[in-house]
Amino acid sequence: MWAPERSGARAARSALQALQEALAGERGWLVGGLIRELLLAEVASAPAPAPPRTSLLDAARARLDAAASAAAGPVVSVDVDIVTPEDPRRLARALARALGGVAFLLHAEHGGWRVLAAEGALQVDVEPLRGATIEQDLRARDFTIDAIAQPFDGGELIDPTGGLADLAARRLRVAGAGALAADPLRALRAVRLAAALELAIEPQTAALLAEHAPQLGRVAPERCFAELRLMLCGADPAGAIALLDRFGLLAVLLPELVACQGLMQSRFHHLDVYEHTLAVLRAAVAVERALLAPQSRGRPGGDLEVLAQAIGEERRDALACAMAAPLADGMTRSQALRLGALLHDIGKPATRALDARGRVTFVGHDVQGERIGRAMLARLRTSSHLQAHVGALVRHHLRLGFLVHEPMPLARRTLYGYLRSSGSVALDVTLLSVADRLATRGERSEQAIAEHLALAATVLPEALAYHRCGPPAPLLRGDELARALGLAPGPAIGTLLEELRAAQFAGEVSDRPGALAYARALNASGREAP
């Protein structure tokens with residue numbers, strides 16, 4: 001709800017003002033996440049939130065005011081949930097007119113509507129009252145901290161399930177014993193909220209999560225992925241995955257990850273495959289904060305300090321922009337990198353073996369991992385674009401490590417080979433390889449990390465340029481090359497063109513005559529380029 005940017009704070013505040021004016025005289029209540037987050041902010045500064053007499057929308061606007069004037073505010077858009085005892089369609093359309101936005105039916109079964117304000121600064125979900133009273137409606141909700149309401153015009157908070165006390169204790173508790181049976185997806189939501197808000201799951205709720213874990217299998221896969229995506233995009237994705245495992249939910253949602261538990265690795269690793277995966281996910285978040293978060297950037301310290309300084313402030317800003325770009329399924333490239341971290345070693349259980357000396361190997365786990373990872377995402381009904389992107393991250397996550405023993409600085413042809421092979425994920429997978437290396441703390445790890453990060457510092461600027469511009473524009477077309485050399489169309493033309501691209505990237509040719517002479521020499525000798 002509260003995103004880490006301030007660019008939309010003023011627009012969101014204006015939209016909230018318009019919403020509050022439009023709700024004047026209407027019957028209904030504020031509910032859900034907006035109340036939860038505002039009251040949690042109060043808990044941070046007081047033992048318990050006092051029931052406010054004024055509307056919580058005033059408190060939301062005050063936070064937006066602070067964000068709009070701060071050097072780095074916390075808000076870009078706001079989600080508001082409301083319940084009305086009247087016609088939600090009429091109210092939604094009235095709000096859309098007041099906000100200069102649009103209204104559309106969200107849940108045909110329940111009659112809920114969604115309103116999107118102009119500029120995307122505000123989203124309002126309008127739900128009909130379920131039950132004879134607002135208290136009945138709240139008791140049917142998932143967790144007590146989300147079962148708190150306030151009339152549109154302010155006044156006492158309505159809290160039939162004890163959500164205020166749970167907020168004060170930072171405790172997550174089901175609103176009723178049948179909450180998970182009504183919708184097993186709520187088990188995933190419990191984990192997401194507990195990890196994101198640093199809440200303790202109370203014992204009876206924890207028992208219910210474990211009891212209802214098998215029922216998660218009957219939930220629509222795309223709904224499960226939506227919750228998984230939010231977990232991975234949160235502040236503690238590794239903590240969320242660990243909670244899923246604790247309650248038996250991971251075995252239902254991602255059984256391939258459970259197969260990594262207890263799978264020991266070589267002496268260069270200090271963790272089994274599962275714990276290493278969580279460590280890589282944590283490291284990916286650390287890399288993101290150190291290199292891709294300019295609004296909160298300081299000195300990252302530790303191993304990432306050297307990498308950050310080598311890249312430089314300007315390139316870090318460019319990296320941040322590139323990785324913040326939307327990718328697919330509501331994820332940015334940076335967020336999809338976390339998904340790649342989660343699945344990067346998923347091929348290891350299928351490829352673990354011992355060599356002739358008894359050493360553990362995972363030969364081909366990158367290739368197998370791509371296949372398995374794509375199948376997992378297909379099972380969760382993600383887009384083919386996300387499947388291909390994450391599959392490529394898994395397939396190429398070892399590639400930079402193979403270059404550590406190359407002479408430094410890297411030869412231009414070697415660098416081109418890395419970028420060309422990694423393709424559209426060259427930038428992303430370079431960052432993933434850094435996280436993977438940072439999470440590997442076995443034998444000789446300090447030297448290995450230093451060497452890998454030094455290599456990444458030289459490759460990242462090139463990968464960024466390749467990401468933004470692609471390979472050099474070809475100096476010759478295939479038909480021109482065929483005519484000049486008297487060659488028939490076929491694979492030989494493609495091979496020559498690729499050799500020319502490599503030579504051009506390496507600075508060995510720079511114009512059409514030079515490219516043609518180079519191609520003639522290659523064709524005449526029948527050999528590959530140096």
Heads up, segment 311-412 by the C-alpha gyration tensor (a ≥ b ≥ c square roots of eigenvalues; a/c under 1.5 rounded, else a/b over b/c prolate, else oblate) looks oblate
The local net charge around Glu26, scoring Lys/Arg +1 and Asp/Glu -1 for residues other than Glu26 whose Cβ lies under 13 Å from its Cβ, equals -1
Over the Cα atoms of segment 478-525 the radius of gyration and the largest Cα-Cα distance (Dmax), both in Å, equal 9.9, 28
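Could you tell me the relative contact order of segment 98-248? Use alpha-carbon pairs under 8 Å, at least six residues apart, and round to a whole percent.
15 percent
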Residue by residue through segment 193-209, the couplings from Karplus 6.51 cos²θ - 1.76 cosθ + 1.60 with θ = phi - 60°, in Hz, x for Gly and Pro, are 5, 4, 6, 6, 9, 6, 9, 8, 7, 5, x, 5, 5, 4, 5, 5, 4
Measuring from its Cα centre, segment 293-440 shows a charge dipole (+1 at each Lys and Arg Cβ, -1 at each Asp and Glu Cβ) which, in debye to the nearest 20, is 400 debye
If amide H atoms are modeled at 1.01 Å from N in the peptide plane, then the residues at a separation of 5 or more from Ile148, or on another chain, having amide H under 5 Å from its own are Gly32
Inter-part gap, Cα centre of segment 135-204 to Cα centre of segment 485-502, in whole angstrom, is 65 Å
Output row, site Arg170, 7 Å Cα→C-beta label point, backbone N cut-off 16 Å, window segment 16-41, residues 37-41
Quick calc: nm separation of the 7 Å Cα→Cβ label points for Glu305 and Ala132 -> 6.7 nm
Over all viewing directions the Cα convex hull of segment 225-375 casts an average projected area in nm² of 10.3 nm²
Segment 105-123 and segment 320-340 have their Cα centres apart by a whole-number Å value of 25 Å
Output ordering of 135-148, 407-420 (per-residue mean of other Cβ within 10 Å, highest first) is 135-148, 407-420
By the mean-Cβ-within-10 Å protection proxy, highest first, 186-199, 483-496, 363-376, 311-324 rank as 186-199, 363-376, 311-324, 483-496
Computed over the chain, the relative contact order (Cα-Cα under 8 Å, seq sep at least six) in percent reads 10 percent
The Rg/Rh figure for segment 119-215, Cα atoms and Kirkwood Rh, to two decimals is 0.99
Taking Cα atoms, the helix 491-505 axis meets the longest principal axis of the chain at an angle in degrees (rounded to 10) of 80 degrees
Only helices counted: for the chain, with every DSSP H run of 4 or more residues adding -39500 (n - 2.57) and the sum spread over all residues, [θ] at 222 nm is -16500 deg cm²/dmol
Projected onto their principal axes, the Cα atoms of segment 348-501 stretch, largest extent first, over whole-Å spans of 56, 41, 36
Rounded to 0.05, the calculated FRET efficiency for the beta carbons of Ala450 and Asp511 at R₀ = 60 Å is 0.90
In Å³ per residue, the alpha-carbon convex hull of the chain encloses 189 Å³
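Note the full-extension length gain between Arg315 and Ser525 as 0.36 nm times their separation in residues minus their Cα-Cα distance, in nm to one decimal. List each step's numbers first, then the result.
Numbers: separation 210, 0.36 × 210 = 75.60 nm, distance 4.20 nm.
Between Arg315 and Ser525, full extension yields an extra 71.4 nm.
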Taking a crude spin-label model, label points 7 Å out from Cα along the C-beta direction, the Gln215 to Arg90 distance in nm is 3.7 nm
Once the mean of 1/r over all distinct C-alpha pairs in segment 352-431 is inverted, the Kirkwood radius in Å reads 14.2 Å
Listing Ser55, Ser433, Ser383 by rising number of other beta-carbon atoms within 10 angstrom, fewest first, gives Ser383, Ser55, Ser433
Subtracting the Cα-Cα distance of Ala492 and Ala177 from 0.36 nm times their residue separation yields 106.5 nm
Dipole check, segment 287-469, charges on Cβ (K,R +1; D,E -1), about Cα centroid: among Thr351, Gln335, Ala392 the Cα furthest to the positive pole belongs to Thr351
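All of the numbers you see were taken from the coordinates with simple rules; none came from a lab. Owing to the predicted nature of the structure, the values given are computational and were not obtained by experimental measurement. Every residue, glycine among them, receives a Cβ derived from its backbone with ideal geometry; neighbour counts consider all protein chains shown.
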